[in-house]
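Following: one structure in C-alpha cells, then a few remarks.
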Amino acid sequence: MNYIKHLTGFFDRIIQDPNLNPTHISLYIALFQYWNINRFQNPINITRDEVMLISKICSKATYHKCMRELNEKGYIKYEPSFNPFKSSMVILLNFSEDQNQFKKE
C-alpha cells in the first residue's frame with residue numbers, strides 16, 4: 001500500500017463530491033490513521049469515542065451521520081456493532097488507482 005498514492009486518490013475523489021464537508025474529511029483521515037497503524041489490514045476495529053477524539057467531532061449524531069454518508073458514497077464499508085462492549089468494523093477501500101484525475105499539464 002502506497003499511502004501517498006492512496007491519499008492523493010482520496011483527495012482527487014473528494015474534489016468531485018460537493019456533498020462532503022470538512023467533518024467527513026476529518027473523520028476519514030482519522031479512520032485512515034487507524035488503518036495505517038494496523039498496517040493497512042482490513043477490516044479495522046474502531047471505537048466511536050476514540051475516533052471522535054481524533055477527528056475532533058463532538059456530536060454523536062454528527063459522527064453517525066458522517067459515517068453513514070461515507071459508507072453510502074463508497075469511501076468506506078462500515079459495519080457497526082450496536083454493542084457498547086464490542087468495537088465496530090471499517091473497511092477502507094484502495095484509492096491509489098484513482099489518482100491523476102486532476103493532474104495539471
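No value in this document is a laboratory result; all are computed from the given coordinates. Just so we're clear, the structure is a prediction, and the values are computed from it rather than from any experiment. Glycine also receives a Cβ, built like all others from the backbone with ideal geometry; neighbour counts cover every protein chain displayed.
The slack in the chain from L53 to N94, taken as 0.36 nm per residue of separation less the alpha-carbon distance, amounts to 12.3 nm. Here r is the Cβ-Cβ distance between I4 and S81 and R0 is 22 Å; the resulting FRET efficiency, rounded to 0.05, is 0.10. For the chain, a Gaussian network of Cα nodes joined below 10 Å ranks L93, L70, L31 by mean-square fluctuation, and the top entry is L93. The angle between the Cα long axis of helix 22-37 and the longest principal axis of the Cα atoms of the chain comes to about 80 degrees, rounded to the nearest 10. Choose one of N36, V90, I46: the residue whose Cα lies farthest towards the positive end of the charge dipole of the chain (beta-carbon charges +1 Lys, Arg; -1 Asp, Glu; about the Cα centre). Highest projection toward the positive end goes to I46. Using only Cα coordinates, the Kirkwood hydrodynamic radius of region 3-96 works out to 13.4 Å.
Charging the Cβ of each Asp and Glu at -1 and of each Lys and Arg at +1, and nothing else, the dipole of region 3-96 about its Cα centre rounds to 100 debye.
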